[in-house]
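A short reminder: the numbers here are calculations on the coordinates, not readings from a lab. Please read these numbers as outputs of a predicted model, since none were measured by experiment. Note that each Cβ is placed from the backbone with ideal geometry, even for glycine, and that neighbours are counted across all protein chains shown.
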Amino acid sequence: MWAPLKVDVSSLDRTQFKVVEEDGEVLVLPFKEKYRWRDDEVHLRSLILDRDGHVLSAGFPKFGNLGENPAHDGGLAAAMARGEVELPEKLDGSLIVADRIGGAARMRTRGSRSLGDFAAEIEALIAAEYPRLPELLAEDPLLERCSLLFEFVTPNRTVVLRQQRAALFLLGYVDKRTIAPGWDAGTLGRIASDTGVPTAPFHPLPADPDAALAEVRGWRGREGVVARFLDAGGTPRLIKIKATDYLRLHAYNARLGGNRARRVAWLLDLRDEAELLPALARYGLDWESAEYARPDVAPYLARRRADLARFDALCAELEPVAGARKKSEKRAFVDRVRSFLAAGGAAYAETWWFAVAMKLFDGGAEDARLLVDAALLDEPLPSLRKWRQDPDAEIRAMLNAPVREEDG
């Protein structure tokens, strides 16, 4: 009788791991800032546990890139010399974990207990391309003790490389007893045949290990490969080997994705997305960098224009009644603010508009406007004051900062 791994949830470092309890289950994930991993933590990369800590679902344990762990790199070199390494393509998509929990099939993303906003697209894709997959997830004995792992690629969710079409690829499985990854060719071949979901592709590579790695690093338009092998002690290992061009593109994505892109747009004082490429070109960045930043910058600039227009309306209404800004006048000003915000309805629904209005009374229009920007960037007001002292230095510091994979 097998039993899944039991995790002592109370012992988890809550400064390193996010622990979310919901519906009698516990989701365990690392915080995005975590980039140092001990060997006894790698199994905690993406787990769903029952209320007693038993593993219900497991993503791949944390594994690194070639060059990150000398001991694992040495094991890879030895396995390559023996001709015992598989090198499937590393696909640039999103990990999907499939399980049978409580007798019911379930699919989820690595960071959630469900498919979330991936659900509609993945369910439609399965119905159209892989209609036999739900039956396998509901009935195959492998799902009794293992999580089955897929990569989902789609042109609608570009990570770094643009995909031609939506697809699922079978990557492997994880044993819930040990959180060890598995990729037995017979097992994966059977699942691929039964469901129509292909395994991750292999590409012809030179037999010589150094030549094979050099060829992978020279790829363009592909992320790289995942080296999978058993080390000298029989432990399954995974190591990512990335194409040099992909790392270049990833660096743009990491430096100019998400809130970094919005912060750069603010520091550059951009008013329209058409200004993005010319502004970035002054820092030696090209079209690709602007394109990576654009999906974050364009909606940010649109919202900033709208919210600054709302701020101008607020200022026009409230500045005349701010009076001499004496403490004795503040109560009447607060009442006027609440009345104005209530009348504005959805336009002033965010709670920070009240703080902006009060900053108008206490600090004046310039400070109040800066507080609008702080709210849009989700950054503290003192940070914006500091960055504004030397915007060029702040931009250069961000663009020249070391890039970690977790930043992407």
- request: Could you check the simple spin-label distance between E329 and T244, using points 7 Å along Cα→Cβ, in nm with one decimal?
  value: 6.6 nm
task: Calculate, in nm to one decimal, what R388 and T15 gain on full extension: separation in residues at 0.36 nm each, minus their alpha carbon distance.
output: 131.2 nm
statement: Sparse-neighbourhood loop hits (trypsin sites (Lys or Arg not before Pro), region 279-329; DSSP loop; Cβ within 10 Å at most 12 others) -> R282, K326
task: Report which label in [x] 26.1; [y] 23.6; [z] 24.6 holds the value of Kirkwood radius over Cα pairs in Å derived from the coordinates of this structure.
output: [z]
- prompt: Mind checking the alpha-carbon convex hull of region 332-408 and giving the volume per residue in Å³?
  reply: 112 Å³
task: Springs between alpha-carbon atoms under 10 Å, Gaussian network over the chain: tell me which of A185, A214, A349 tops the mean-square fluctuations.
output: A349
query: Just in region 94-152: which trypsin sites (Lys or Arg not before Pro) are loop by DSSP and have at most 16 other Cβ atoms within 10 Å?
result: R110, R132, R145
query: Cα centroids of region 250-293 and region 145-176: how far apart, whole angstrom?
result: 29 Å
- prompt: Could you give the length gained on full extension between R220 and Y283, defined as 0.36 nm per residue of separation minus the Cα-Cα distance, in nm?
  reply: 20.2 nm
- request: Just rank S10, S112, fewest to most, by other beta-carbon atoms within 10 angstrom.
  value: S10, S112
field: Filtered trypsin sites (Lys or Arg not before Pro), region 1-50: DSSP coil and at most 13 other beta carbons within 10 Å
entry: R14, K32, R36, R38
statement: Ranked from fewest to most other Cβ atoms within 10 Å of their own Cβ, Y283, Y130 fall in the order Y283, Y130
- prompt: Taking Cα centroids, how far is region 87-121 from region 373-393 in Å?
  reply: 37 Å
message: At a 10 Å Cβ-Cβ cut-off, how would you order W266, W352, W287, W183, fewest neighbours first?
response: W287, W352, W183, W266
- line: The lysines whose Cα lies under 18 Å from the Cα of K327, excluding any fewer than 8 residues away in the same chain, are K359
task: Would you mind checking the tilt of helix 365-377 against the longest principal axis of the Cα atoms of the chain, expressed as 0 to 90 degrees and rounded to 10?
output: 10 degrees
- line: A chain fully extended from R110 to D231 at 0.36 nm per residue, minus the present Cα-Cα distance, gains in nm 41.0 nm
